[in-house]
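In what follows, a single structure is set out as C-alpha cells and then discussed.
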Amino acid sequence: MTGRTLKIAFAVFVLIVVPLAPAAAQPPTDANVAWIRQHAIPIKTVVAGAPLDDLAPLKAAIGDARIVSLGESTHGSREIFQMKHRLLEFLVSEMGFTIFSIEANMPESYRLNDYVLRGEGNPDQLIGGMYFWTWNTREVKDMVEWMRKFNQSAKAEGNSRHVEFTGFDMQTPDVAMEEVLKFLSRAERAQHTAAKAAYARAAVATQVAQNEFGVATGSFPVEAARGKKVTYRGWIKTENVEGFAGLWWRIDGPNQKSLGFDNMAARQIKGTRDWQQYSIELNVPAEAENINFGVILPGKGTAWFDALEVLIDGKPFAKPEAFDFDFESDAVRGLAVMPLRTYRTELDAKVAKSGKQSLRLQSIDARAGTSPEEFKTILAACEEVHKQLVRARGDLLKSQAAKDVNWAIANARLVVTAMQQRGGDYAVRDAAMADNVAWILDQHPGAKIVLWAHNGHVNRQPFAMGKHLDQKFGKQHVVIGFATLAGKYRAIGKGRLGDHDLQKPPADSYEAAFQNAGHPRFFLDLRAVKRDSDDSGWLAKPHPFRSIGALAMDQQFYPVELPALFDAVIHLEETTAAQPLGP
C-alpha cells in the first residue's frame with residue numbers, strides 16, 4: 001500500500017463520519033415493517049450475468065434520469081460491488097446508459113477506457129493505477145472485463161453502442177499536471193514553460209504525509225484492568241481544530257482482535273474551546289491481552305491535554321513512576337511521542353488546566369516546509385495556468401482537436417482543485433467531483449451516466465457531491481444508497497489492510513427494520529414515503545444508518561433521515577469482504 005493510498009483513504013474517512021441528523025431511538029412498528037415489505041422489490045441475486053427480469057421494475061423508478069448514482073455503505077463489501085456491477089449491466093443493456101464513472105482520480109481512470117474500448121493495456125495495472133486499494137478488487141476487475149466484452153460484442157454485431165469507463169475524483173494532481181504539460185508542449189510552447197515552472201513548485205509543495213495525525217501513545221498494565229470497568233478522563237482545550245481532539249483507549253485480545261475502542265471521534269471536539277473535562281468508559285474483558293491509550297489530534301489545529309485520570313471500577317489508578325498524567329515532569333512520562341513531519345507533540349509551560357504545564361499537540365504546516373504565503377503563490381500560479389488555457393481556447397481550437405483542448409483545460413482545473421484541497425479546503429472535493437461529472441456529460445451530449453461512489457458522496461447532504469449534482473441536474477439525477485445487515489468488510493485497521501466485522505445494527509436502525517421485512521435483498525423506492533403516514537412516516541425520521549469509509553470503524557452507525565439523502569435504497573442482508581486483486 002502506498003503513502004498516496006493512505007492519504008486518500010483518510011480523506012474519505014473524515015468526510016463520512018459526520019452525523020447528518022439528530023438521533024431518535026424509536027424501533028419500527030409492525031405497520032412500518034409491513035409497509036417496507038409491501039413496497040420492497042425483491043432482488044434474486046447480486047451475481048452479474050444472471051437474467052435481469054427481477055430488475056425490470058427499476059425502469060419506472062429510474063425513469064428518464066440522465067445520472068444514476070450508486071452508493072455503498074462501506075468501501076470494501078463484495079456483494080455491494082457485485083450488485084453495482086449487475087446494475088450497470090441492467091442500465092447499459094436495458095436503459096441505454098453509455099458512460100460509467102467511478103470515485104477515482106479522473107485522468108488515471110480514463111486510462112482504463114483505452115482497455116474497455118480497444119483492449120489496450122493491462123487491466124490489472126490500470127486498475128491499480130487509480131491508486132485506491134478500494135477499487136483494486138476482483139469485483140471491479142470483473143466489471144471492467146464485462147464492459148470490454150460488451151463493447152467487443154457490439155462491434156462484432158456492427159452496433160455503434162458502447163460503454164465507456166471514466167472517473168470523476170480529483171485528490172491527486174500528478175497525472176493531471178502531466179496531461180496539461182504534454183498538451184502544451186505541442187500546442188503552446190510559451191505557456192508550457194510557465195506551466196512547467198508552476199507545476200514543479202506545486203509538486204514539491206504537495207509532497208506531504210497526509211496520513212499522519214498527532215498522537216501520544218501509552219501502554220496500560222492490562223493485569224490491573226482485566227474484567228473491570230475503566231474510566232479514562234481528562235481535560236482538553238482546543239484552538240482552531242478542524243478534525244477533532246480526543247482521548248483514546250484500545251483493548252486487544254487474542255490474535256490482536258479488537259475487544260474495545262473509543263477515540264471520541266463522534267463527539268466532534270473541534271473548533272476553539274476552553275478547558276472541558278471528557279471521559280471514556282469501557283469494560284475490559286477477561287481475555288484482554290493488551291491495552292493502549294493516549295491522546296489524539298487528526299486534522300489541523302492545536303489541542304492541549306491536562307490532568308488525565310484512570311479509574312478502575314471507580315477507584316483511582318496511580319503509578320507515578322510510570323505515568324505523569326499531570327505533565328509536570330521535565331519530559332513526557334508514560335506516553336510515547338513519535339516525531340512527525342506534520343505534527344508537534346510537546347509540553348507547554350504557558351498553558352495548563354492545573355499545575356504549571358500541559359501536553360500540547362499541534363499541526364505543523366504540512367506542505368513540505370512551504371509557508372502559507374508561499375503556498376498561496378503556488379496555488380495562484382496553478383490557477384493562472386488554467387485561466388490562460390480557458391482564455392486561449394478559441395485560438396487553440398484552430399490547430400488542436402476540440403477533445404484535446406477540452407481535456408487539457410479539465411486537467412488544469414483538476415490541478416487547481418487538488419491543490420486547494422491540499423491547502424486545507426476540504427469542502428472543495430465534492431463540489432469539484434460534481435463539476436467533473438458535468439464536464440464528462442458535456443463531452444457526450446445526450447449520454448446517460450452511472451456513478452459509483454460512497455453513500456457519503458452520492459447523497460443529498462449539504463456540500464455532498466449528490467447535492468451539487470441535484471443543483472445542476474435536478475430530476476435528471478437519481479440517487480440509490482446501499483445498506484447491509486451483517487458480515488465482513490475490507491478496510492484499513494491498525495495500520496494494515498484486512499477484513500473486519502460489521503456490527504449488529506441497533507434495534508431502531510434502518511438496517512434492523514429492513515431485516516424484519518423478510519427479504520434478503522431488495523430495492524425500496526423512498527420517494528413513496530409520506531412523512532405524516534402511520535405506515536411509512538417512521539422512515540422519514542432520523543434513525544441509525546451504517547456508514548464506513550476506507551478505515552475500519554468501531555462506531556459504524558449515525559442518525560440520518562434516509563429519504564432526504566436517497567431516492568431509493570438497496571438492502572443486502574449479508575455481505576463479505578471485497579476480494580483484492582492478486583495471485
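Points to keep in mind about this one:
- In the range 227-260, the residues that are modelled with pLDDT of 90 or more and among the small types (G, A, S): G227, G234, A245, G246
- Breaking point among (1) modelled with pLDDT of 95 or more; (2) assigned to a strand (DSSP E or B), for L181: (2)
- Single residue of the range 216-273 satisfying the filter (assigned to a strand (DSSP E or B) and of a type in the set (D, E)) that is nearest to Q357 (Cα to Cα): E239
- F523 vs. criteria crowded, with 17+ Cβ neighbours inside 10 Å, of a type outside the set (S, T, Y) and not assigned by TED's automatic domain parsing to the domain that holds W35: no
- Within the range 469-490, restricting attention to residues that are under 20 Å from the mean Cα position of the chain (by Cα) and basic (K, R), the residue that is farthest from Q515 (Cα to Cα) is R490.
- Filtered residues of the range 238-255 (kept if in contact (Cβ under 8 Å) with a residue 60 or more places away in the chain and buried (at least 21 other Cβ atoms within 10 Å of the Cβ)): T238, V241, G243, A245, L247
- Residue count for the range 93-152, restricted to those that are under 22 Å from W407 (Cα atoms), assigned to a helix (DSSP H, G or I) and of a type in the set (S, T, N, Q): 2
- Residue check for S93: assigned by TED's automatic domain parsing to the domain that holds A61 and surrounded by fewer than 23 Cβ atoms within 10 Å (Cβ to Cβ): yes
For (1) aliphatic (A, V, I, L, M); (2) at pLDDT below 90; (3) assigned by TED's automatic domain parsing to the domain that holds F220, each residue gets a yes or a no:
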| position | (1), (2), (3) |
| --- | --- |
| D262 | no, yes, yes |
| R273 | no, no, yes |
| E281 | no, no, yes |
| N290 | no, yes, yes |
| F293 | no, no, yes |
| I296 | yes, no, yes |
| G301 | no, yes, yes |
| D306 | no, no, yes |
| D313 | no, no, yes |
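- Restricting R138, R78, R86 to residues that are basic (K, R), buried (at least 19 other Cβ atoms within 10 Å of the Cβ) and closer than 16 Å to P580 by Cβ narrows the list to R78.
- Near pairs, Cβ below 7 angstrom, 6+ apart or cross-chain, from the range 120-139 (within 14 Å of R78 (Cβ to Cβ)) to any residue that is among the β-branched types (V, I, T) and modelled with pLDDT of 95 or more: W135/I102
- Residue match in the range 286-293 (condition: in a strand (DSSP E or B), surrounded by 20 or more Cβ atoms within 10 Å (Cβ to Cβ) and not acidic (D, E)): yes
- In the range 96-118, the residues that are more than 16 Å from V140 (Cβ to Cβ) and buried (at least 21 other Cβ atoms within 10 Å of the Cβ): F97, I99, M106, P107
- Remark: K155 falls outside the filter, which requires a residue to be free of Cβ contacts under 8 Å to residues at least 24 places away in the same chain and touching a helix residue (DSSP H, G or I) at 6+ places or on another chain (Cβ under 9 Å).
- Test: R460 is closer than 14 Å to T172 by Cα, surrounded by fewer than 24 Cβ atoms within 10 Å (Cβ to Cβ) and of a type in the set (K, R): no
The values are calculated or read from the model by the stated rules, or taken from the named source; none is laboratory data. Not measured: the values here are computed from a predicted model. Reconstructed Cβ throughout: ideal geometry from the backbone, glycine too, with neighbour counts over all protein chains shown.
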